[in-house]
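The values are calculated or read from the model by the stated rules, or taken from the named source; none is laboratory data. Note that the structure is predicted; figures quoted are calculated from it, not measured. When we count neighbours, we look across all protein chains shown, and the Cβ atoms used for this are built from the backbone with ideal geometry, even at glycine. Remember, those area values only see protein heavy atoms, side chains included, never the ligands or the DNA or RNA. Shrake-Rupley method; radii C 1.70, N 1.55, O 1.52, S 1.80 Å.
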Amino acid sequence: LAYLRTEQQRSEHHRLQRLARLGADLAVLWGNRGLRAQMMQMERSAKWSHNLRALGVPVDAAKLFDRGDSLLKGGPQGQELEARLEYTRTVLPLIVHGANFDIG
């Protein structure tokens, strides 16, 4: 049963990546840079979420990834940026451990 869940999660991440890529391509056709940036960020986030979950690293996407809204505001700043950096510092050792210390 766990294997089926893993396959389903893999499929969902792949589907999200494909939809985000389609959205980015449509944004280019429509000449909408903001939408394209958001779709590209969504595609990257889906890929990283999938890879981190495969390593057994719990992911809080809201803390780790920018969903594109702050791209319109000039990026995360102040407390939001500090919270994101702190979360990244806590996740990094989990990534190294999940990769069995093979980070090369």
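Out of all the residues in the stretch 9-56, which are outside any helix (DSSP H, G or I) and without any contact (Cβ under 8 Å) to a residue 24 or more places away in the chain? Break it down into steps so the answer makes sense when it comes.
Within the stretch 9-56, the subset outside any helix (DSSP H, G or I) is 31-32, 55-56.
Residues satisfying the conditions are Gly31, Asn32.
Condition first: at pLDDT below 85, among the charged types (D, E, K, R) and either at positive phi or open to solvent by 90 Å² or more (accessible area, probe 1.4 Å) (or both). Can you find one or more residues in the stretch 34-43 that meet it? Spell out the reasoning first.
So the first thing to find is which residues in the stretch 34-43 are at pLDDT below 85, and the list is none.
No, the stretch 34-43 contains no residue that is at pLDDT below 85, among the charged types (D, E, K, R) and either at positive phi or open to solvent by 90 Å² or more (accessible area, probe 1.4 Å) (or both).
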Test: Ser70 is over 30 Å from Ala99 (Cα atoms), part of a helix (DSSP H, G or I) and at pLDDT below 90:
yes
